[in-house]
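Okay, structure first, notes after.
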Amino acid sequence: MKIYDWHTGPYPARVRIAVAEKKLQSQVRFVSVDLRKGEHKTPEFLAKNYSGTLPVLELDDGTFIAECTAITEYLDALDGVPTLTGRTPREKGMIHMMSKRAELELLDAISVYFHHATPGLGPDVEVYQNAEWGFRQCDKAIRGMHYFEDILKKQPFIAGEIFSMADITVIGGLIFAQLVNLPVPAECAALQAWYDRMQERPSVQNRVTMSKPAEASS
Ligand SMILES: N[C@@H](CCC(=O)N[C@@H](CS)C(=O)NCC(=O)O)C(=O)O
């Protein structure tokens, strides 16, 4: 399998964490696509993923699977023990709901803020920006952090009692928050404590070095 990737990207980080959690490192080859050079918007790349985003998984039969959730589903199903995406109908329902909520309320909101209200990937890539929309999404992300604070006051993980894809999605959100200098609010102590705990997982610790291209420095 190949994974089209960018080593500092918060979305690709989600898939790298999933690869490590499932111990699939030896079965995957990472192919670096330089977002700042706009390599993800070339016709060649758009033929792999219509949306022009990373990551993308390429199977050995030439099938392309984009979207972190779909890629994680695929990787998690390979060994027949879907620990990340749910082993029972209830687990599956809760994990998917919370992961989608983490995208809507946190990660995607920060992404819109980054692309619209900051220089983003630079003028060659950011051909349309709407700063007001970006700042609104930043406010939404801060509200999202408070929502996950309330969740984590009641349970150890985002979707309940076990680590799952939903935790990985919130980790992606907080990686992105760090990149855009958006700190976890001081009053969100449970969210910060959970994030500190997540940093101790080898899959989270090794997420950058797993795929970093030799020539890249940031
Ligand atoms: N919904 C997609 C979002 C992927 C995404 O936005 N990836 C970022 C990389 S961190 C990207 O490719 N951004 C480039 C752009 O939007 O121009 C997913 O879950 O995979």
If we take segment 1-105, then helices (runs of 4 or more DSSP H) inside it with 1 or more residues that are among the acidic types (Asp, Glu) and either over 16 Å from the mean Cα position of the chain (by Cα) or assigned by TED's automatic domain parsing to the domain that holds Gln178 (or both) are 43-48, 89-102
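Yes/no matrix, rows are residues, columns are (1) open to solvent by 60 Å² or more (accessible area, probe 1.4 Å); (2) more than 10 Å from the ligand (Cβ to nearest atom); (3) touching a Cys at 6+ places or on another chain (Cβ under 7 Å); (4) farther than 16 Å from Leu121 by Cβ:
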{"site": "Gln25", "(1), (2), (3), (4)": "yes, yes, no, yes"}
{"site": "Asp34", "(1), (2), (3), (4)": "no, yes, no, no"}
{"site": "His40", "(1), (2), (3), (4)": "no, no, no, no"}
{"site": "Leu75", "(1), (2), (3), (4)": "no, yes, no, yes"}
Against the definition (within 16 Å of the ligand (Cβ to nearest atom), more than 26 Å from Glu73 (Cα to Cα), open to solvent by 20 Å² or more (accessible area, probe 1.4 Å) and assigned by TED's automatic domain parsing to the domain that holds Ala193), how does Asp124 come out, yes or no? yes
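Per-residue answers, yes or no, for (1) under 30 Å from Ala77 (Cα atoms); (2) part of a helix (DSSP H, G or I):
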position	(1), (2)
Ile110	yes, yes
Lys140	no, yes
Gly144	yes, yes
Ile151	yes, yes
Phe163	yes, no
Val170	yes, yes
Gly173	yes, yes
Phe176	yes, yes
Pairs, first free of Cβ contacts under 8 Å to residues at least 40 places away in the same chain in segment 137-158, second part of a loop (DSSP other than H, G, I, E, B) and among the small types (Gly, Ala, Ser), C-beta under 8 Å, six or more apart: Phe157/Ser164
Might you let me know whether segment 188-204 holds any residue that is on the phi > 0 side of the Ramachandran plot and in a loop (DSSP other than H, G, I, E, B)? no
Condition (residue is under 19 Å from Pro82 (Cα atoms) and within 13 Å of the ligand (Cβ to nearest atom)) applied to segment 52-61: is it met by at least one residue? yes
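The values are calculated or read from the model by the stated rules, or taken from the named source; none is laboratory data. As the structure is a computational prediction, the values presented were derived from the model and not from experiment. Reconstructed Cβ throughout: ideal geometry from the backbone, glycine too, with neighbour counts over all protein chains shown. Ligands, DNA and RNA are stripped out before the accessible areas are found, and what is left, the full protein with its side chains, is counted by its heavy atoms. Shrake-Rupley method; radii C 1.70, N 1.55, O 1.52, S 1.80 Å.
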